[in-house]
1. Which order do peptides 238-245, 347-354 fall in by mean Cβ count within 10 Å, highest first?
2. Between residue 78 and residue 601, what FRET efficiency comes out of the Förster formula 1/(1 + (r/R0)^6) with R0 = 51 Å and r the beta carbon distance, rounded to 0.05?
3. May I ask you to compute the full-extension gain from residue 390 to residue 57, defined as 0.36 nm times their residue separation minus their alpha-carbon distance, rounded to one decimal in nm?
4. Where both partners of a DSSP beta bridge lie in region 572-660, what percent of those bridges are antiparallel, to the nearest 5?
5. For region 98-210, just say rounded, prolate or oblate: build the C-alpha gyration tensor, square-root its eigenvalues into a ≥ b ≥ c, call rounded for a/c under 1.5, and beyond that prolate if a/b exceeds b/c, oblate if not.
6. For the residues 384, 187, what sequence is obtained by ranking on other C-beta atoms within 10 Å, fewest first?
7. With the alpha-carbon atoms as the only input, what is the per residue convex hull volume for region 397-440 in Å³?
8. What distance in nm separates the simple spin-label points at residue 561 and residue 177, each placed 7 Å from Cα in the Cβ direction?
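Computed from the coordinates by the stated procedures, all read-outs in this text should not be read as laboratory data. Everything quoted here is computed from the prediction, not taken from an experiment. Cβ coordinates were reconstructed from backbone atoms using ideal geometry, including for glycine residues, and neighbour counts include every protein chain displayed.
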């Protein structure tokens with residue numbers, strides 16, 4: 001149910017103790033700042049685009065990239081150096097056929113590489129659209145880091161139907177498990193036959209039921225993962241994440257988009273007499289990410305955008321981080337929800353959804369469920385069946401007609417971990433890094449948006465470790481042209497983040513500790529698990545480094561506990577500022593943290609008491625400082641700008657304001673008047689301030705016969721300069737009375 005922005009914000013107020021900091025980054029760094037001071041690197045290829053497929057290879061130190069007509073191998077240390085390229089276009093006859101079908105030969109009839117997987121220790125497996133002829137091939141990359149091998153094995157190229165989409169605008173999701181490829185993709189030219197498909201390997205190809213909206217209804221696949229269920233590999237499951245048009249929505253209410261998680265057993269080989277070469281273990285459940293409403297009506301983020309599986313010590317129970325947006329036309333917002341595998345498995349063990357009654361309403365299935373329970377893998381762990389072909393017919397028929405579960409999968413904490421509403425961007429991608437800090441482990445989220453920015457969010461506990469508080473640390477403009485981020489990869493080993501868009505590939509360090517400030521308090525207030533105060537600067541925190549001077553407090557961010565020393569007066573920058581009596585003056589002070597609250601104090605003299613500056617009609621507070629509209633003599637003194645954050649106050653800047661008289665004795669203009677006007681309007685005053693040309697010593701002599709006057713000829717350049725100066729230059733500076 002969609003709600004207007006005001007109601008949405010009212011719903012969000014009880015959910016967070018302080019919603020404003022969650023929506024405001026502590027640091028906002030622009031593209032030029034990142035390029036100049038913070039190690040942002042870009043890679044672009046001429047006559048190419050669409051760097052959607054990124055594959056990180058830590059062992060070889062390479063980032064493999066799929067783009068338009070190209071495969072790339074870039075260095076993880078510096079993507080701008082030592083690149084290798086493979087030109088992989090679609091054949092000319094395929095491009096011509098694509099063009100005859102009415103497609104744009106320059107924009108669509110190309111080979112857009114969509115799928116990129118590590119196949120074994122020496123080869124990759126890549127698939128592209130092939131100008132609406134999906135094609136796949138093996139790429140040789142060598143076995144060792146020193147093997148400078150990167151070539152396409154054209155002899156082993158194969159049909160990519162069921163692996164890569166036909167249309168470059170369509171997305172596909174796939175995972176390679178062993179030698180088997182599990183894909184969620186459209187398998188026809190028109191993009192209408194969507195399927196979950198298994199290909200390659202020694203087992204038979206299996207797919208979902210064709211043209212059955214109960215199984216898949218206009219799906220858009222997002223991602224797919226392999227998760228072991230137990231110690232027995234026969235229990236392994238493949239989980240698909242996608243969004244689709246809801247089949248359970250009541251008639252007459254129009255189409256509604258819902259997010260799904262689907263499961264299949266890896267050892268599913270289809271039925272014996274029914275569902276032959278079709279999945280017999282396919283089930284799906286709704287994935288909910290919503291803000292609970294006080295009146296029982298939840299505000300849903302229904303558009304699943306990306307999923308990241310954060311591995312834990314138990315491979316059977318990773319954490320599922322998912323990025324959502326909303327399809328509502330009333331408000332704009334995005335959210336991050338976290339799910340546990342225990343909650344996902346619980347939903348698939350719950351009741352099945354069933355249509356019954358005069359209005360064909362969806363209700364939980366109450367009758368007897370056949371044995372073995374649909375969705376269970378044929379395994380000796382839970383039964384005696386060794387193959388899905390041994391399942392009884394009633395199990396197969398039940399699975400065919402009841403693929404939907406009644407209970408949804410709810411997020412951890414029953415609400416989003418992090419959300420933004422009413423902002424001019426939408427979440428597109430997410431990757432997560434688990435970081436060891438001095439007071440525990442923290443999950444750091446890097447969220448890509450559709451305007452080329454990356455948000456860095458830390459999930460920190462509140463009063464207890466059960467309640468989490470999202471901290472938006474940074475907003476980074478990674479792509480200058482605001483291209484939507486289409487892929488994200490993270491290297492914990494090299495502490496680098498890699499992002500792909502339609503125009504370039506970007507590389508950025510995970511942390512910028514020095515950007516937080518040069519004081520212990522600023523480093524502590526940042527609450528960045530990557531950073532700590534080492535006694536002299538804010539630097540990278542390494543858990544193995546044992547130094548007593550290292551100070552870090554991610555959980556509380558309280559400088560009073562770690563930074564007992566008060567910043568000395570000498571360390572606080574001080575500037576001198578002059579204002580003219582009667583005119584305006586601006587006292588600028590912008591703290592590094594956008595979440596800090598600025599306070600101003602004023603001191604008339606060295607022995608005078610400090611008092612807080614109170615805004616009025618003459619003194620106006622702005623986001624960047626104080627504006628004094630009409631400076632008076634009593635405004636002269638020392639102004640101190642202080643920033644308050646997390647209950648901690650520290651001086652940021654000391655400004656000494658001097659007030660200059662508006663007029664000098666005798667009606668003459670003060671010496672600084674022309675100088676100040678030159679700063680304000682240089683184009684209007686440069687001619688007036690230019691000194692007049694020197695006058696000749698005697699009266700000008702008349703020309704005789706076109707000769708120059710006696711006493712020396714005026715150079716032409718000087719005459720041109722004098723003429724260009726105009727009448728104002730000839731008159732010279734005006735006096736105060738003339739003004």
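1. On the way: 238-245: 22.0, 347-354: 18.5.
Ranked by mean Cβ neighbours within 10 Å, highest first: 238-245, 347-354.
2. Working: r = 47 Å, r/R0 = 0.93.
That gives a FRET efficiency of 0.60.
3. Length gained between residue 390 and residue 57: 115.8 nm.
4. Details: 26 of 33 bridges.
Of the beta bridges lying entirely in region 572-660, close to 80 percent run antiparallel.
5. Details: a/c = 2.55, a/b = 1.29, b/c = 1.97.
Oblate, since a/c reaches 1.5 and b/c is not below a/b.
6. On the way: 384 9, 187 19.
Exposure proxy ranking, most exposed first: 384, 187.
7. Working: hull volume 10.0 nm³, N = 44.
Cα convex hull per residue, to the nearest whole number: 227 Å³.
8. Taking the simple label geometry, residue 561 and residue 177 are separated by 4.4 nm.
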